1. Among (1) 0.95; (2) 1.00; (3) 0.98, which one is Rg/Rh (Cα atoms, Kirkwood Rh) computed from these coordinates?
2. Using alpha carbons only, how many degrees (0 to 90, rounded to 10) separate the axis of helix 50-59 from the longest principal axis of the chain?
3. Given a cut-off of under 8 Å on Cα pairs at least six residues apart, what relative contact order in percent is computed for the range 106-149?
4. Given the options 59, 196, 274, which has the most mean-square fluctuation in a GNM of the chain, springs set between C-alpha atoms less than 10 angstrom apart?
5. In nm, to one decimal, how far is the residue 135 label point from the residue 50 one, both placed 7 Å along Cα→Cβ?
6. For a quick check, take a GNM of the chain with Cα springs below 10 Å and name the residue from 141, 200, 252 with the largest mean-square fluctuation.
7. Multiplying the sequence separation of residue 9 and residue 180 by 0.36 nm and subtracting their Cα-Cα distance, what value in nm do you get?
8. Stretched out fully, how many nm does the piece from residue 312 to residue 157 gain, at 0.36 nm a residue minus the Cα gap?
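Where a number appears in this text, it was derived from the coordinates with a stated rule and is not lab data. Remember, it's a predicted structure, so these values are computed and weren't measured experimentally. No Cβ is skipped: glycine too gets one built from the backbone with ideal geometry, and neighbour counts run over all protein chains shown.
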């Protein structure tokens, strides 16, 4: 087999396993509420918005077969965009404005369900029982904390050859050299990131690469600071490979924590992610790992205890990539 054929074979995606039926395979109350709303919304659109649906169908791109419900407009893709390649161009998407909100799109339902009740109750308390203003203030703090947790601040992605940026915000909890990683295909370095409830919880691609395989493992919900959490907790394993020389393979793992029990991974096998692109999140405190090949020329740019930001902080760099580029 030639080198080209070997690379093409490696870049072939692996079909999703049967236990990944959604971008949030662990389910949850907020997901059930949003899916129920989606069923009612589709019923309404099919009976009263025929012209709108015709326009949406005409502008839709890709294939939406294999999804658990009919895809009528972009909102229907939120929880199944990893199951198909159907999509709308930004100009044809009437809900594209949501991507400009400073909140994680995967957390909008939680923001409404968890944030609006304390805001509403706090407002009523302040209006009708002003002497209970401390309670009203506490409820306002709860509302602001929900907004703060699901925040989505803009990030400036560094440019350069051989750079691997952080897949998550948080604190470096581990840097371990591995004798062999089966997906990487040789020695590797595992970098563990602990995310507290105060960190931004959106995950980003550490390097431009194609999604090769995903594996979802239900499990426990140990504290993310517990070393056993990396082994026993619910997690999503994501195998990626660069689709450009040197076609390096690496792994990102999203690991649930004591409070965080909702892993979101919208990456689809065969999809190509750009460096720093958002692909998911873990709701509330958790852990994210990056496993990269331990090759000559690899330099680790961080140390245990460092605070990092997803898509912005450089975790590692391969000097060999720079040398190839400069020849």
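1. (2)
2. That helix lies at roughly 10 degrees to the long axis.
3. Working: 32 pairs, mean separation 20.2, N = 44.
For the range 106-149, the relative contact order is 46 percent.
4. Per the Cα network of the chain with a 10 Å cutoff, 59 tops the list.
5. Inter-label distance under the simple model: 5.2 nm.
6. Highest fluctuation among the options: 141.
7. 59.4 nm
8. On the way: separation 155, 0.36 × 155 = 55.80 nm, distance 0.53 nm.
Residue separation times 0.36 nm, minus the Cα-Cα distance, leaves 55.3 nm.
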